[in-house]
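Engineer: Sharing a structure below in C-alpha cells format, with a few things to ask.
What follows draws every value from the coordinates through simple rules; no lab data is involved. The structure presented is a predicted model; accordingly, all values stated were derived computationally and were not measured. Every residue, glycine among them, receives a Cβ derived from its backbone with ideal geometry; neighbour counts consider all protein chains shown.
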Amino acid sequence: MTKQPIVVHMIKFAGAAVFLLATISATSQTAISLNDLSAFKNPGKTWKLVGKVGADLNENNILQSSPGTGILINMPGKKETGVELSTIEDFSDMDLELDYMMAKNSSSGIYLQGKYKILLNDSWGIPNINTETNGGIFERQAPRQNVSRAPGLWQHVKIAFQAPKFDASGNKTENAKIIRIELNGIIIHENVELKNTNEVAAGPLVFQGGGAIAFRNIHITKYNGLPPVFADIHYSVYYSKHETIPNFATMKADDEGMLYQISTAFLKNGQEFVIRYTGNIIIKTASDYIFQRETYGKGFVKINNTVVSDITSSVTTPVKLEPGTYPFEIIYLKPVGWLPASLGLTVSAPKIREFLMSDETSLYREYPDPIIISASDNIVHRSFMDIPDGPRVVHSANVGSPKQLHYSFDMDNGTVYQLWRGNFLDATAMWNGRGDGSSTPIGSRLLLSMPKQSILQLNTINDSVSKDTLFTTKGYEIDKQKNTTFRYTIHGAEVKDLLEVSGNGDALKRTITISNNPGNLYMNIAEGKVIENSSKGWYTIDDHSYYIRIDNAESVPVIKNVNGCNVLIAPIKNTISYSILY
Amino acid sequence: MSLKYIYLFLLLIFILNNANAQESPLEEDFFRISRISTPEGIILEVGGLTTLPNGDIALSTRRGEVYIVENPSSARPYFRKFATGLHEILGLLYKDSALYCSQRGELTKLIDKDMDGKADIYETVYSWPLSGHYHEYSFGPKLKADGSFFVSANLAFGDSEGWRGESRVPWRGWIMNIKPDGTMEPYATGVRSPCGMGIIDDELFYTDNQGDWIPSGAIVHLKKGSFAGNPAGLRWTFMPNSPLTLTMEQHNAKFDERRKKDEEGRYIQPQNQTIGPFAIPADAKKAFPEMALPAVYLPHGILGISTSDLIKIPDNYFGPFAGQILVGDQGQSKISRVFMEKINGEYQGCAWEFRSGFQSGVLRMTWGTDGSLFVGETNRGWGSAGDANQGLQRLTWNRKIPFEMLTVKAMPDGFEIEFTQPVNKKLAEDISSYDVQSFIYKYHSVYGSPIVNNANCPVKGVKVSGDGKTVRIVVDNLRKNYIHTISLDNIRSAENSYTLVHPKAYYTLNNIPEGKKLVLTEISTKNSAAVVEVKKKPVVTADKNKPVVAKVLTDAEIKPLLAKYTCNACHNADKRQVGPAFRDVTKRKYSTDKIIQLIYNPEPKNWPGYATEMPPMAQVPKEDARKIAMWINSLK
C-alpha cells in the first residue's frame, strides 16, 4: 500500500508558494508587583501576600499558607467575609495572564474592567459543564471543556480582552469582547461579546472576594496604541507572469485605480499577475511595527522606503516609526495562474494587538476537517503519540473516560506517561489522507514522565539503574467495569497493571499486582524537580503540578535524589496501589 | 490482381467488424459486483477481511475497528462491532475460535471471554519495534500449516531522501514468522511495501508495490532467507537470528544505490543522476542467489499500480478458474487473475485482467461460503480508479463460462495456451493471430522503472489440439527472466465467434523448460498477415508524398499510447482518479511544450489535492509525448 511518499500538504506547498502568518508579534508585558499590595485600592483584611500556599483536599474553602511575598491570597473566614480587590490602574484592551489556585469548593472570579466576570471555581472532576464551570463567562457562556485542576494545584489562565468602544459623544460603538480565553493551555472561549450596565472605555481589574483563592505571576499586556491606517491606496495590476519584481516604469498596467483597502478580491481568477499597491500609511503611535504578510505566490513589503519583507522570504523585520505619514509599497506576484490569489497583511506593535490590515476576503485558506474521537464510554485507542519536546511513543494505548480524565500508557515500557482533562482525542493527523499514525489529546495535558520503565530491579533502593530492561507486553484486558488492565512481564516478573478513573474523575488509580517476583523490584511512582510529602501518604509534585496519594503499599515510599531530581520510589513484593490526582 | 487482394482485405475487415458486431461478452457479463447493505455512519476503510466458519465475515478497518458481518450475503446483514481502538489494522485472520490482527506495532489476538459479542482481551502475541514513521504499515497475519503466522513490515522513507525506503528499526522491510508461543523468526527481507501475502500450498507468496528497486507489482515466492530486492532491510542481517547474511554493503557494491549530494549538500534524486548501463532484476539474482525474482509480474500500469491481496480460488468456486490466484489492486480498483506453474523447481506463470470497476481501492479479499468473493476496499491517502473512499463489495459469478485463456504454460519452444472453450480453428491455425513481445524492467534505486529491452518474439508456427481447446505456439527469441506479452486479439471462439474477454496474457518466463520441441511437420505456419502486408504497401507510398502534419490523434488512436506508457494507470480523460483528469490538466492552460516538460519532470506540488505523486516518465519518447500532450490539449 504505497506509492511515492507524500511531500505536499494541504497548506504547505513545497518549495515556494505559501507563507502562513507567523505568530511573531511585538508585545510588551508588565507584571503587577506582588512584593507589596501597592497596586491595589484599600485591600480588605482577607487579602494578603504570602510566600507559599497549598490546599487540603478535605477542607472546604481553606488555603494553607506560609509567610512571604510573591503570592496574593484571599482567605475569607467566619469572622472576615472577603471583599473584592481592585487595581488602582484602569485598563482597556488587554491580555491578562496569571496563575491561580483554588481551595476545595471555593468560588471566585475576575472582573475585567470591574464588570465582566470570568468565573474561577473549583470544578475539579465535575463532568457537567455550565456557565458556573471554572473558566465560564458569567451568565453568558460555558467553557468548551472542563480542564480544571484539583484544589491546591496551580492553574494558568490567559485572557485576551477587548474593551467596549465609544464615539466622541459617549455612545457605544462596539461591545466589549473576550477574544480568547486559554485555561491550562486549552482554548475554552473565542469571540464572546459582553454587555453590562454603565460600561466604560477603561476600568480596573477586580478580583472577587468571596472564596479562598491565590494568585501569582499576574502579567498584563496593554493595547492602548492607536492602530495605523492605510490611505491613498493606488493599485496597478499586470496580468503577466513574473517571478521577480519587474521594472514597472516600462510596463503598462492592465488595470489600475484606487482602493479603500488592500485587496485581491477584485482580480481575475486563474490568471498570472503582479499587482502593486502604493500609498501612505498613517502612524499615530510611535513604536516598532511588525508587518507580516501571507501570500500564495511571492510578495514584497516596503514601509517608509525600508524593505520589511522581500521576495525570497516572508520573514519580517520590525520598522521603527514616529507618528506621521509614510509611503508604502506592497507587491504581490502570482506566477502560477491556477493558484488561488491570496494576500494578507497584519500589523502589530508592543501596544497594538496584531490585526489584519488587508481585506479579510482576500485570504484563501484550506484546512482538513477535524476528526475527533470522543470518550462517551470507556475507550482504548492506540496510536503514535508525540510527547512535547520528547519522543514519539509508538506503542501508545490512549484510554478515555466519560469522566473526562484520560491517560496514555506506553506499552513498550509499562508506564502511564501522561494524563489529560477535557475532551479525548484528535485523530485528524492519523486519519486525514494517509495520516502520520498519531493522535493528540484535545484536553489539558499533564506529562508525568518520559516513556521509560516504572518497575525497576535494583540491588538497593539507592541504585538508579535497573539490572536489566527486559520487558514484554502481553496486551490488555477490559473488565466488567470497563477498566483496563495492562499485562506485561518485566525482569521476569508477571505484572497486572490495573488503571481506574475513580470518583467523578478526580483521580487515576493504579494498582499493580506482581507474580513470579524475581526479587529486588521497586516501583518508580513519580519523578520531579521537587517532591514534597505534604501529609501522610500524600505527595505534591513539582510546584503543585499534581498529587500522588498512596492507597496501599507494602512499605512507605522514599523520596530519593537522583541527579538533582526527586524520585518517589517504593519496593514491591506483590502489590502497590496509588492514585494520581490533578 | 490488386483488386482481388483489396477484396480479400475488405472481406477480412468485414469479418472482423462483423464479429465485433456480435458483441462479444465482457467481464461484467460473467462477474457481477454488488454492494453490501451497511449501517449509515460506519467507515469501512477495510484493511483486513476473513471468513468465519459459520459464513459470517469479519473485517478490520484502518480506523482500528473490527466488525463481524453476520449473514453477509443476506438482504440485511447485521454488523456487530467486535473490537475498537486498534492501530491501523491491515490484516485479520481467524484461528481456533479467535481473531488475530496486525496493527502497526503488533500481532494481536482478540478474545471475547465473557461472550457478550465484543472482544475484552486484546492479547499481544508479538510486538515489534517501530520508529513512528507514517509508512511503517504492517500487514498479515497469514497462517502456515504449522500454526505460525506471517506478518510483513513496510519500510519508512528517508528524512532528507523522501524517495528512499529506509529500515529504521528491525524488522522493517522484512517478513516475520511468528510462532504460536510468541517467539519471532525473521523470515525474509528485501520487501518494500508488502501489502499482500498469501499462503498457497503452504508456501508464502507476497505482493509488493512499485518503488525503489521494485519496478512493478508482482507475486513473489519467498523462502526462508529470501531477498526480494530492496536493500533497506539488509541493515539487520548481522543480527544473530537473521536467516541470510547478505549485507547492504555487499549489495551496494554491485548495484549503486546512488546516494549522492549536489554542491549545496542536498541529496539528488536518483533519476536525476547520470549513470552508466542499467541492471535488470535477473542480474541481482546472478549476483546474490538469495534474490527471489517475481514468480509472476503484474506489469505496472497494466495489471495494476499497487498490488494488494492475493488469494487462491478454491475448488468449486468461479468454475474453470478454481485453483488459480486472484490479485487485488488498490490504485486501479481491480482484480487480476494468475496461473502459476513450477519449472525447474521455481514458480512462474501468467497474469490476466480479471474484473475491474470496484468502487474504491481493492485491498482485501475473502471467499464467502455462498460462492462469492467479498472485497474490502480503501483508497484513503492514495486515490484510486474507483473514486469512493472505502467499500465492502461482493463479486459473484453467474455460472456462465467466459471465453478466456485458462492457462498459459511455458514450453521449450514457446507456449501452450489452454482456452475455456474451443477456438475457431481457422483463425487459431493462423500465426498472424498471435503476437508475442517481451520486455523487462530496470533494477535500480529509482522509483519504478520504464519498460526496457523490448523485443519482438516472432511466432513461427502453431499446433491446435483436436478439441480446439489448446494451442501450442512456437516462438522465436524467448528470453529467460523476461515478461512475455501474448496478444490474441484475433482469436475467436468456435461457437458465436466471440473474442476473448481478456485477449492479453503476461507470462513471466523465469525458466524455459527442457523437453521436446515441436517439429515443423506438426505445426501450421499459415500466415494471412504476410498477404495483407503486401497490399498495404501502396497506401504507405501514397502517404509519403504528403507533407507530414502534426495532427491531433483521436481518442481511439491515443489509447494504445496512454496504455503503453501507463498514463491511464492514474489518469482518466474526464474523471479524477489517482491523478487529475486530463480535462482538469487542460484547465491549467499549459502549452503543449509545457505538458511535454511536465511528463518528464512532473511538479506534484502543483496538485496539492492529490496524495500520490506522479513519477517522472522519462521512458516516453519525445514524439509520443508530443502526441499525448496535443491530445490532452485537444480536450479543452
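Engineer: Where in chain B are the DSSP H helices whose alpha-carbon span along the long axis reaches 24 Å or more and whose Kyte-Doolittle mean is at least 1.0?
Structural biologist: Result, helices passing both filters: B:2-21.
Engineer: Here's another thing I want to ask about it. Among A:Lys351, B:Lys636, B:Lys587, rank each residue by its count of other Cβ atoms within 10 Å, from fewest to most, as a rough exposure measure. Kindly include the intermediate steps, with their values, before the conclusion.
Structural biologist: Values: A:Lys351 19, B:Lys636 9, B:Lys587 14.
The order, fewest Cβ neighbours first, is B:Lys636, B:Lys587, A:Lys351.
Engineer: Compute the convex hull volume of the Cα atoms of the range B:547-636, divide it by the residue count, and report the result per residue in Å³ as a whole number.
Structural biologist: Details: hull volume 8.5 nm³, N = 90.
Convex hull of Cα atoms, per residue: 95 Å³.
Engineer: Further question on the same structure: What is the gain in length, in nm to one decimal, between A:Val465 and A:Thr131 on full extension, counting 0.36 nm per residue of separation less the C-alpha to C-alpha distance?
Structural biologist: Details: separation 334, 0.36 × 334 = 120.24 nm, distance 4.97 nm.
Length gained, A:Val465 through A:Thr131: 115.3 nm.
Engineer: Continuing with this model, one more query. Give me the orientation-averaged projected area of the Cα convex hull of the protein assembly as shown, in nm², one decimal. Write down the numbers at each step before the final one.
Structural biologist: On the way: hull surface 228.6 nm².
The directionally averaged projection comes out at 57.2 nm².
Engineer: Could I ask something else about it? I need the calculated FRET efficiency for the pair A:Glu80 and A:Thr306, taking r as the beta carbon distance and R₀ as 51 Å, to the nearest 0.05.
Structural biologist: Working: r = 59 Å, r/R0 = 1.16.
The value I calculate is 0.30.
Engineer: Could you rank the peptides A:324-330, A:409-415, B:44-50 by their average count of other C-beta atoms within 10 Å per residue, with the highest value first?
Structural biologist: Packing proxy ranking, top to bottom: B:44-50, A:409-415, A:324-330.
Engineer: Then there is this: Would you tell me the mean number of C-beta atoms belonging to other protein chains that fall within 10 Å of each C-beta in A:394-400, as a whole number? Walk me through the numbers on the way to the answer.
Structural biologist: Working: counts 12, 11, 3, 4, 1, 1, 1.
Per-residue shielding by partner chains comes out at 5.
Engineer: Given Cα pairs under 8 Å that are at least 6 residues apart, what percent is the relative contact order of the range B:188-252?
Structural biologist: Numbers: 113 pairs, mean separation 20.2, N = 65.
Over the range B:188-252, the number comes to 31 percent.
Engineer: On to the next question. What is the gain in length, in nm to one decimal, between A:Lys529 and A:His234 on full extension, counting 0.36 nm per residue of separation less the C-alpha to C-alpha distance?
Structural biologist: On the way: separation 295, 0.36 × 295 = 106.20 nm, distance 5.95 nm.
Length gained between A:Lys529 and A:His234: 100.2 nm.
Engineer: Skipping prolines and chain starts, which residues have an amide H placed within reach, meaning under 5 Å, of the one on A:Ile213, given they are 5 or more residues away or on another chain?
Structural biologist: A:Asn74
Engineer: So for the pair B:Ser524, A:Tyr364, with labels modelled 7 Å out along Cα→Cβ, what separation do we get in nm?
Structural biologist: 6.3
Engineer: Checking the a/c ratio against 1.5 first, then a/b against b/c, what shape does the Cα gyration tensor give for the range B:231-335? Show your work: numbers first, answer last.
Structural biologist: Numbers: a/c = 2.61, a/b = 1.70, b/c = 1.54.
Prolate, because a/c is 1.5 or more and a/b exceeds b/c.
Engineer: Using 24 Å as the Cα-Cα cut-off, could you pick out the over-long pairs in B:Lys460/B:Lys504; A:Lys268/B:Lys622; B:Lys144/B:Lys480?
Structural biologist: On the way: B:Lys460/B:Lys504 19 Å; A:Lys268/B:Lys622 35 Å; B:Lys144/B:Lys480 31 Å.
Beyond 24 Å between Cα atoms: A:Lys268/B:Lys622; B:Lys144/B:Lys480.
Engineer: Right, next: Dividing the convex hull volume of the Cα atoms of chain A by its residue count, what figure in Å³ per residue is obtained? Don't jump to the answer; show the numbers that get you there.
Structural biologist: Numbers: hull volume 110.6 nm³, N = 582.
Taking the convex hull of the Cα positions in chain A, it is 190 Å³ per residue.
Engineer: If you don't mind, there's one more thing I want to ask. Based on the Cβ-Cβ distance from B:Asn601 to A:Leu356, what FRET efficiency comes out when R0 is 56 Å, to the nearest 0.05? Write down the numbers at each step before the final one.
Structural biologist: Values: r = 38 Å, r/R0 = 0.67.
My answer for the efficiency is 0.90.
Engineer: I would also like to ask the following. According to the square roots a ≥ b ≥ c of the eigenvalues of the Cα gyration tensor, what is the shape class of chain B, taking rounded for a/c under 1.5, prolate for a/b larger than b/c otherwise, and oblate for the remainder? Before the final figure, lay out the partial values.
Structural biologist: Numbers: a/c = 1.57, a/b = 1.36, b/c = 1.15.
The shape class here is prolate.
Engineer: Set the Förster distance to 45 Å, then compute FRET efficiency between B:Asp489 and B:Asp96 from the Cβ-Cβ distance, nearest 0.05.
Structural biologist: Details: r = 50 Å, r/R0 = 1.11.
Rounded to the nearest 0.05, the efficiency is 0.35.
Engineer: Return B:Met405, A:Met94 ranked ascending by Cβ neighbour count within 10 Å, so the fewest neighbours appear first.
Structural biologist: By the 10 Å Cβ count, ascending, the order reads A:Met94, B:Met405.
Engineer: Using θ = phi - 60° and the Karplus relation 6.51 cos²θ - 1.76 cosθ + 1.60, list the HN-Hα couplings for the range A:175-181 in order, rounded to whole Hz, with x at every Gly or Pro.
Structural biologist: 6, 5, 8, 8, 6, 6, 10
Engineer: OK, next. What's the exposure ranking of B:Trp382, A:Trp338, going from fewest to most Cβ atoms within 10 Å? Kindly include the intermediate steps, with their values, before the conclusion.
Structural biologist: Working: B:Trp382 23, A:Trp338 16.
With the fewest neighbours first, B:Trp382, A:Trp338 line up as A:Trp338, B:Trp382.
Engineer: If you don't mind, there's one more thing I want to ask. Taking a ≥ b ≥ c as the square roots of the Cα gyration tensor eigenvalues, with a/c under 1.5 meaning rounded and otherwise prolate when a/b beats b/c, else oblate, which class fits the range A:375-428?
Structural biologist: Details: a/c = 1.79, a/b = 1.59, b/c = 1.13.
Taking the square roots of the gyration eigenvalues as a ≥ b ≥ c, the range A:375-428 is prolate.
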